[in-house]
Amino acid sequence: MSTRLSRILYIIWLLICAVLYFFENNTGTRALIIFSLALPMFCAALMLLFRKGISVSVEAPEEAESGAPLSVKMNASWPRLAMRAGFCLNVCNAFTGEGISERFSEQELGSFDLELRGMHCGLLTIEASLTPVDLLGLFSLRPVKSEEVRVLVRPPLFSPEVRLIEEGGSGDSDRYSQSRPGSDPGEVFGVRGYVPGDPVRQIHWKLSQKTDTLMIREFGMPVSEQVSLVFDAGQPADAGTLETLAVILFSVSRSLVLSGCACSVSWLRAGEPSPRCRTVETEEDLRLAQDELLSAPSTEMLSADTFNSMPGSTHVLAVCASAHETAFSPASGRRFTVISPKAQNAMPGAHAVLLNAETYKDDLRVIEI
């Protein structure tokens, strides 16, 4: 029973007592009125006395996948002989802006599992609150909130075949991997101590003489293909569209990583003047990029100038919620590909791919960038 309904019933009870007192002004009616006024004050005092015995907590896994049920365990305890309680669970998705608020009665409280369905990918913030109510349901205290629990819901990726199409130009990269050594003597990746079996031609003789220890030069690994992946949410974009764009972006990125092709992931976070850019060379890099993109809203549209100025990239793939009206001007030897629900309407200077939210996994089994 809600506090409002309890108060209405209590007022009706006081009116009945007043009518009885009007017609029967005796000790019994006076005692009934005094008892009716004193009982709520006693219950309120009892609730205040035992309010420190209230606790509420939430447990959930650190990660989940979009579309799968998320099991959330909620634990609550309070002095049941001194008060009643109402329970509320609030879930907020930092990436899509979605929010869920569910209320529970006293009989449903305790420790149980709640299946949260329909939430899209993103960083979920889950918080539970317990509202103490006196035994008559007339007064309530400030809700006691649990510590926030964060769950990263990752997008369900698929495995497209990515084909890099040359637009002319050399296509050679002047960038080198920052995380893996290679065999290109034109760039030194780093210097380390000699290990038996290392090629003699890689010994750094000058440094070895200074340190009295044999030192080896590790050469750089050139990155032959530069692919820039751009997440462009636009404004506004619904939660379903945002998840679809994220699925495509990270599925393509994973396919590139598995094929040994370096790429970068860029996006514009709400309230920031310039886009963020993260290099993705390993699957761990991919997970870190996911963590960062999904942890905050990204509802700003990138300008065509931003796409045109992507440094050192021979291929640019943009997944966009909205079509751009400004023409792209790719430099010689660079190829622009745009995947968007409205790709057929604009985007001059780019290779447009129409996105169908229902069949995109089948339509994009082969992606030409």
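The values are calculated or read from the model by the stated rules, or taken from the named source; none is laboratory data. Worth saying up front: this structure is predicted, and the values here are computed from it rather than measured. All Cβ positions, glycine included, derive from the backbone under ideal geometry; neighbour counts span all protein chains shown.
Observations
- Hits in region 132-146 (condition: surrounded by fewer than 19 Cβ atoms within 10 Å (Cβ to Cβ) and assigned to a strand (DSSP E or B)): S140, V144, K145
- Condition check for L70: without any contact (Cβ under 8 Å) to a residue 40 or more places away in the chain and out of contact with any Pro (no Cβ under 7 Å at 6 or more places or on another chain): no
- Test: residue in region 252-267 that is over 30 Å from G99 (Cβ atoms), at pLDDT 85 or above, assigned to a helix (DSSP H, G or I) and in contact with a Pro (Cβ under 7 Å, 6 or more places away or on another chain): yes
- In region 15-43, the residues that are assigned by TED's automatic domain parsing to the domain that holds L135 form Cβ pairs under 7 Å with partners that are of a type in the set (G, A, S) and surrounded by 11 or more Cβ atoms within 10 Å (Cβ to Cβ), at six or more places apart or across chains, as follows: C17/S36.
- Residue satisfying all of: in region 13-67; polar (S, T, N, Q) and within 30 Å of E243 (Cβ to Cβ); surrounded by the fewest Cβ atoms within 10 Å (Cβ to Cβ) among these: S57
- Filtered residue count, region 12-34, keeping only those that are in contact with a helix residue (DSSP H, G or I) (Cβ under 6 Å, 6 or more places away or on another chain) and of a type outside the set (A, V, I, L, M): 3
- Here S71, S36 are screened, and the one residue that is among the small types (G, A, S) and at pLDDT below 90 is S71.
- Pick from region 228-278, criterion hydrophobic (A, V, I, L, M, F, W, C) and surrounded by fewer than 21 Cβ atoms within 10 Å (Cβ to Cβ), ranking: farthest from the chain's Cα centre (by Cα): C261
- Some residue of region 175-186 being surrounded by 16 or more Cβ atoms within 10 Å (Cβ to Cβ), among the polar types (S, T, N, Q) and at pLDDT 85 or above: no
- R51 vs. criteria without any contact (Cβ under 8 Å) to a residue 24 or more places away in the chain and either touching a Phe, Trp or Tyr at 6+ places or on another chain (Cβ under 8 Å) or of a type outside the set (D, E) (or both): no
- Residues that are crowded, with 19+ Cβ neighbours inside 10 Å, over 22 Å from the mean Cα position of the chain (by Cα) and not basic (K, R) were ranked within region 83-119; the one that is modelled with the lowest pLDDT is L109.
- Members of region 203-227 found to be modelled with pLDDT under 80 and exposed (fewer than 15 other Cβ atoms within 10 Å of the Cβ), listed by number: S224
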